[in-house]
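Report on one structure; see the data block that follows.
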Amino acid sequence: MFGRIFRCTYELRGRGFSLLEMMVVLLLIGLAASVAVLNLDRDFDKIAEREANRFAALVEHSKQESIITGRTIGIELDLPEHSFRFMQPGTTWIPIESDDLFRERRFAEGVTVEWTAMPQREGQSSNALIVVDTLGSITPFTIIVRGDNAGFTVTSSGDEVGVERVDNES
């Protein structure tokens, strides 16, 4: 009798896969698909566009913050470090560390950032400094964020109009 039950169980098992085996295979397929999707997000032109939009929005927010709070804000571009930080005036420019929105930020990997000459102030480092005053005026600047084939320009003429973004310069 035991031989017959064992033989039936063995014969049924040999015809297909168990639920556990199917679940393991589906898990592996799902993991492989997620890795493939994550690697597809390496379109550096889209990343450059997103970085230009983010920088323009943060400069515009700095302008609004300066007008509302009545304090001058500086944005220091540290291109060798591929980052920018928000500063407040004191005897020298001091990084703003108490506000999460104005924390130091890095540009995404895979993009290059260029800026045109901005007026350098005495005692200032070689890094570019964009000053946003309490009336909403912004130091004139032009920053180009480049991906593989496209560049996206963020510019300000220095008046109260604000920040302008120009799409896709090749």
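Before moving on, here are some points about what is shown:
- Close contacts from the stretch 79-99, counting a first residue that is over 17 Å from Glu65 (Cβ atoms) and a second that is surrounded by 15 or more Cβ atoms within 10 Å (Cβ to Cβ) and modelled with pLDDT under 80, with Cβ to Cβ under 8 Å and a gap of 6+ residues or different chains, come to Leu79/Asn127; Leu79/Ala128.
- Among the residues of the stretch 96-116, not a single one is over 24 Å from the mean Cα position of the chain (by Cα), assigned to a loop (DSSP other than H, G, I, E, B) and either aliphatic (A, V, I, L, M) or at pLDDT below 85 (or both).
- Of all residues in the stretch 24-77, those satisfying the criterion of being over 14 Å from Val111 (Cβ atoms) and among the acidic types (Asp, Glu) are Glu60, Glu65, Glu76.
The values are calculated or read from the model by the stated rules, or taken from the named source; none is laboratory data. The model shown is predicted, which means the values in this text are computed figures rather than measured ones. In this analysis, Cβ positions are derived from the backbone assuming ideal geometry, glycine residues included, and neighbour counts consider all displayed protein chains.
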